[in-house]
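Notes follow the structure.
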Amino acid sequence: MLTSLRTPLCLVAWLLAPAIGQDAQLKTGTLDDPEALEAGRSHYLGRPVARTMHWTGAPWLLRETREKEENGVMLREWLACKPGQVVCDLGSGNGYHSLPLARAVAPGGEVLAVDLQPEMLTMLKVRAADVGITNIRTIEGAIDDPHLEPASCDLVLMVDVYHELSHPVRVLDHVRRSLRPGGRVVLVEFRSEDPEVLIKTEHKMPQVQVLDEMARNGFRFHSGTGALPWQHVLAFERAPTKEVDTRGWLSLGAREVALGWWRALVGEEDRVLQSFFLEKSHAATTVAWREKGRASHEEPAGWANSLKEWKLTACRVTSKYSGSVPGEGAADAAPRTHEGFARFSGPRGESIECLLVLNDGGSWRVSAVHGVSPREDR
Ligand SMILES: C[S@@+](CC[C@H](N)C(=O)[O-])C[C@H]1O[C@@H](n2cnc3c(N)ncnc32)[C@H](O)[C@@H]1O
């Protein structure tokens, strides 16, 4: 187990807040598991790991403009924590969310405020004591282990934290074990898809990347909201771990999955369009797009048979679409990439989770397929 915090280097602006450095950390060691080293990862699945925000920048977490930028009240309403629950605020900092969450779970509930930096936890304790909150337990986590008991949490919340984890695979493994049955982990990350979010690139994440990373670490998408001004909110549940025998299952090719997703997109499946509707600026375009798709789309022969018993049970789409729709002909002069995540559930409880990318020409391509599993195993 790795216990120490990475060496503080010079303070570098993390927007307005200082940061502790992660450069020069790729020392010699096993390349197979960078998380066996204290330095951890400088990159994970193609994205940079951001520097940990240093405790001396803690006042920035309580800045006056934060509520306008992040709408923490709306986030906590969406989380809907109840009295008696145990909620872990992982990477709690000085407790921006821990304090109101502690009120939400009282009486009988508890907030576990975990942070790497004891100075953050000291500030949090002072703030809680000042307002008479007594149901927060502080835990000094390690870079690869938040020190949570197995099956102890109803919710593990990470607000502006996940992109900073130098040991994401190990931390997620502990988080997964810490969830009670029905428990959720919720990641709140600044949207990289949106240039109007004024946060440095490495502190933002595209939704599709979060979905991919979580799927690879034993989670599956549960729900989310695009209603916050600057951040994605994505909730996950444990995915089954049992090895399953998939022989004899209906096998769907990438093309069939993509076409099925498109069919759902232009059909009656409102969840497919959820994130568009929530993004105010795109609601009108999206409705028009859907109508156009319905009018123009013709199902190619053959695919409907293999998919007709499968239902789209979860889906999120991201990015700002300006291209043509599939089946409609010429691409837009400046089409943009459009990404999606979809879960299909089969007639016998099977499920297939996949990531999709909209090509410039307007056709969907499956970029990865994960989590083929039977629902009974949950
Ligand atoms: C940007 S701050 C966010 C604080 C808080 N969640 C908030 O919204 O105000 C990120 C915090 O995550 C903590 N952190 C980073 N990696 C961590 C890890 N592996 N375990 C626990 N805390 C971590 C940092 O010490 C820092 O306090």
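The values are calculated or read from the model by the stated rules, or taken from the named source; none is laboratory data. As the structure is a prediction and not an experimental result, all values here were calculated from the model. Heads up, the Cβs are rebuilt from the backbone with ideal geometry, glycines too, and the neighbour counts pull from every protein chain shown. Surface areas here come from the heavy atoms of the whole protein model, side chains and all, with no ligands, DNA or RNA. Shrake-Rupley method; radii C 1.70, N 1.55, O 1.52, S 1.80 Å.
Data for the structure
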| read-out | value |
| --- | --- |
| Output for region 37-58, where each listed residue is surrounded by fewer than 15 Cβ atoms within 10 Å (Cβ to Cβ) and out of contact with any strand residue (DSSP E or B) (no Cβ under 8 Å at 6 or more places or on another chain) | HIS43, LEU45, GLY46, PRO48 |
| Members of region 150-185 that are in contact with a Lys or Arg (Cβ under 9 Å, 6 or more places away or on another chain) and among the acidic types (Asp, Glu) | ASP154, GLU164 |
| Qualifying residue in region 144-163 (condition: of a type in the set (D, E, K, R), within 9 Å of the ligand (Cβ to nearest atom), open to solvent by 30 Å² or more (accessible area, probe 1.4 Å) and farther than 21 Å from GLY224 by Cα) | no |
| Meets criteria (farther than 27 Å from TYR44 by Cβ, within 13 Å of the ligand (Cβ to nearest atom) and surrounded by fewer than 23 Cβ atoms within 10 Å (Cβ to Cβ)) for MET74 | no |
| Of residues in region 200-248 being at pLDDT 85 or above and of a type in the set (Lys, Arg), the one surrounded by the fewest Cβ atoms within 10 Å (Cβ to Cβ) | LYS200 |
| Check on VAL197, in contact (Cβ under 8 Å) with a residue 24 or more places away in the chain, within 16 Å of the ligand (Cβ to nearest atom), hydrophobic (A, V, I, L, M, F, W, C) and surrounded by fewer than 19 Cβ atoms within 10 Å (Cβ to Cβ) | yes |
| Complete set of residues in region 123-132 that are touching a Gly at 6+ places or on another chain (Cβ under 9 Å) and either of a type outside the set (D, E, K, R) or in contact (Cβ under 8 Å) with a residue 24 or more places away in the chain (or both) | MET123, LEU124, ARG127, ALA128 |
| Contacts under 8 angstrom Cβ, first residue in region 165-183 being in a strand (DSSP E or B), partner of a type in the set (Asp, Glu) and open to solvent by 60 Å² or more (accessible area, probe 1.4 Å), 6 or more apart | none |
| Among (1) part of a loop (DSSP other than H, G, I, E, B); (2) at pLDDT below 95, the one test that GLY95 misses | (2) |
| Per-region count, region 123-143, residues in a loop (DSSP other than H, G, I, E, B) and more than 14 Å from the ligand (Cβ to nearest atom) | 5 |
| Top-ranked residue of region 83-122 - restricted to ones that are touching a residue at least 40 places away in the same chain (Cβ under 8 Å) and more than 16 Å from the ligand (Cβ to nearest atom), ranked as surrounded by the most Cβ atoms within 10 Å (Cβ to Cβ) | VAL86 |
| Residue within region 5-23 that is at pLDDT below 95, surrounded by 15 or more Cβ atoms within 10 Å (Cβ to Cβ), outside the structural domain of ARG137 (by TED's automatic domain parsing) and under 19 Å from ILE139 (Cβ atoms) present | yes |
